[in-house]
Amino acid sequence: MARPIKETPILYGSDARRFEERMKNPPKVSPEKRAQIRKSYEISMKMLVK
């Protein structure tokens with residue numbers, strides 16, 4: 001039987017500031033990397049259909 005999921009801890013101080021800043025400014029992904037991710041996604045979706 002599955003165990004219950006624990007509550008998400010609340011962030012305080014520098015951890016909270018760092019998290020909020022990262023959410024406002026997500027890391028940039030190059031067009032080449034984005035194309036690679038898209039290709040991998042499409043391949044995996046094809047595998048699931050079969």
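Data for the structure
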read-out: Degrees, to the nearest 10: 13-24 long Cα axis against longest axis of the chain; value: 30 degrees
read-out: Net +/- balance of residues flanking ASN25 in space, Cβ distance below 15 Å, scoring K and R +1, D and E -1; value: +3
read-out: Solvent-accessible area, 1.4 Å probe, carbon plus sulfur percent, for the chain; value: 60 percent
read-out: Shape category assigned to the chain from the gyration tensor of Cα positions, a/c cut at 1.5; value: oblate
read-out: Gain upon complete extension [ARG18, SER40; 0.36 nm per residue less C-alpha separation]; value: 4.9 nm
read-out: DSSP-assigned coil residues among GluC sites (Glu not before Pro) in the chain, each with at most 12 further Cβ atoms within 10 Å; value: GLU7
read-out: Helix 31-49 axis, angle to the chain major axis (alpha carbon atoms, nearest 10°); value: 70 degrees
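The values are calculated or read from the model by the stated rules, or taken from the named source; none is laboratory data. In this text, all values refer to a predicted model and were calculated from it rather than measured experimentally. Here the Cβ is made from the backbone with ideal geometry for all residues, glycine too, and neighbour counts use every protein chain on show. All accessible areas refer to the heavy atoms of the entire protein, side chains included, with ligands and DNA or RNA removed. Shrake-Rupley method; radii C 1.70, N 1.55, O 1.52, S 1.80 Å.
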